[in-house]
């Protein structure tokens, strides 16, 4: 049972503090690197839409959701009402329900105030990194929080920098646009811990590609994940019936 | 420029609808023992989400979405994937992937 956080304050208190931060930074730097090109691009776009640096930073602080922010700004440009932008944001970010649900398994009994702070930083990227670490064990809530918050800081800084003068930085420098893709690829590899996981991954990928071609928006992420996880789960249950050890692979 | 009240309303709304889906499951599910089947099902969610995020990112391009298996992003993915499989190094894969992508941009 994952009860590694029976001492949520311990790592943040005396002694372990520094280690917790350095572990968090070590795990989180690829996210910060990957946010640079996206954050700059968002800043440039938002500035063109008429937002000031302060307004950009405020959005990154209060919303902290990359794709939803892009969509919101382009909707603002096309004159959409705030209510329709808020509704779209809700739909785009609904996928985080799934991520928070599976993170919750590893955060049993953690103080609710700490959880509320942690929830603020649950993004696709921080979820992928933290989930991998929780699985490996020995990952403290504190380090997970550090991952969330350095990502947040990097995001705020990069979007504001983009709004300030991002157009001076040549797009696509150093292949940096590939940082997040490569990170996700590697984290996917870490999640492949057996046949069932591999099959689930393949199904999810296939479903997602097909659905993304078929329906607009990013609902394909939720639908494909739900379908693939359910299929994988049923397959696992079916395989288990004859001999209980079959499903362990 | 100071943010106007309408913009602040927009940000507050966006912030709330983004925060709630992130917060509610953590708040609800972390305080109780979940049924075994649910935990087993949740166990498959991360791999499914990662795959559902990455596959279309790699293989689907364009303003009007279309399948494209042979553009730089897709071509770099396989060696980067194999590199990750071999080394199991996150930082290494990020740098290697960036390098290959940069290389691909020079060639294509």
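The values are calculated or read from the model by the stated rules, or taken from the named source; none is laboratory data. Since we're looking at a predicted model, the values are computed, not measured. Neighbour counts run over all protein chains shown; Cβ positions are idealised from the backbone, glycine included.
Residues that are touching a residue at least 60 places away in the same chain (Cβ under 8 Å) number at least 2 in the following helices (runs of 4 or more DSSP H) confined to segment A:138-241: A:141-165, A:179-191, A:219-240.
Any chance you could count how many residues in segment A:120-136 are surrounded by fewer than 21 Cβ atoms within 10 Å (Cβ to Cβ) and farther than 20 Å from residue B:84 by Cα? Residues flagged as surrounded by fewer than 21 Cβ atoms within 10 Å (Cβ to Cβ) and farther than 20 Å from residue B:84 by Cα within segment A:120-136 amount to 1. Hey, can you tell me all the residues within segment A:204-220 that are farther than 16 Å from residue B:42 by Cβ, surrounded by 19 or more Cβ atoms within 10 Å (Cβ to Cβ) and facing chain B (nearest Cβ under 8 Å)? Across segment A:204-220, the qualifying residues are A:205, A:207, A:208, A:209, A:212, A:220. Return only the number of the condition from (1) over 16 Å from residue A:180 (Cβ atoms); (2) modelled with pLDDT of 95 or more; (3) at the interface with another protein chain (Cβ under 7 Å from one of its Cβ atoms) that residue B:39 does not satisfy. Exception for residue B:39: condition (2). Pairs linking a residue in segment A:122-133 that is not assigned by TED's automatic domain parsing to the domain that holds residue A:178 to a residue that is surrounded by fewer than 24 Cβ atoms within 10 Å (Cβ to Cβ) and not in a helix (DSSP H, G or I), with Cβ atoms under 8 Å and 6 or more positions apart or on different chains, do not occur. Applying the set (1) more than 7 Å from every other protein chain (Cβ to nearest Cβ); (2) in contact with a helix residue (DSSP H, G or I) (Cβ under 7 Å, 6 or more places away or on another chain); (3) closer than 17 Å to residue A:128 by Cα; (4) at pLDDT below 95 to residue A:148 leaves exactly one unmet item: (4).
Where helices (runs of 4 or more DSSP H) fall wholly inside segment A:21-136, the ranges with 3 or more residues that are within 25 Å of residue B:90 (Cβ to Cβ) are A:96-104, A:112-120, A:124-136. Scan segment B:52-68 and give yes if some residue there is within 30 Å of residue A:55 (Cα to Cα), touching a helix residue (DSSP H, G or I) at 6+ places or on another chain (Cβ under 8 Å) and either more than 7 Å from every other protein chain (Cβ to nearest Cβ) or assigned to a helix (DSSP H, G or I) (or both), otherwise no. Yes, there is a match, as at least one residue in segment B:52-68 is within 30 Å of residue A:55 (Cα to Cα), touching a helix residue (DSSP H, G or I) at 6+ places or on another chain (Cβ under 8 Å) and either more than 7 Å from every other protein chain (Cβ to nearest Cβ) or assigned to a helix (DSSP H, G or I) (or both).
Taking segment A:105-114 only, how many residues are surrounded by fewer than 24 Cβ atoms within 10 Å (Cβ to Cβ) and either closer than 12 Å to residue A:187 by Cα or in contact with a helix residue (DSSP H, G or I) (Cβ under 8 Å, 6 or more places away or on another chain) (or both)? Walk me through how you get there before you give the answer.
Filtering segment A:105-114 for residues surrounded by fewer than 24 Cβ atoms within 10 Å (Cβ to Cβ) gives A:105-106, A:108-114.
Filter once more, keeping what is either closer than 12 Å to residue A:187 by Cα or in contact with a helix residue (DSSP H, G or I) (Cβ under 8 Å, 6 or more places away or on another chain) (or both): A:105-106, A:110, A:112, A:114.
Adding up the residues that qualify gives 5.
Just one of the listed residues (B:59, B:83) is touching a strand residue (DSSP E or B) at 6+ places or on another chain (Cβ under 8 Å), outside the structural domain of residue B:25 (by TED's automatic domain parsing) and touching a residue at least 12 places away in the same chain (Cβ under 8 Å), and it is B:59.
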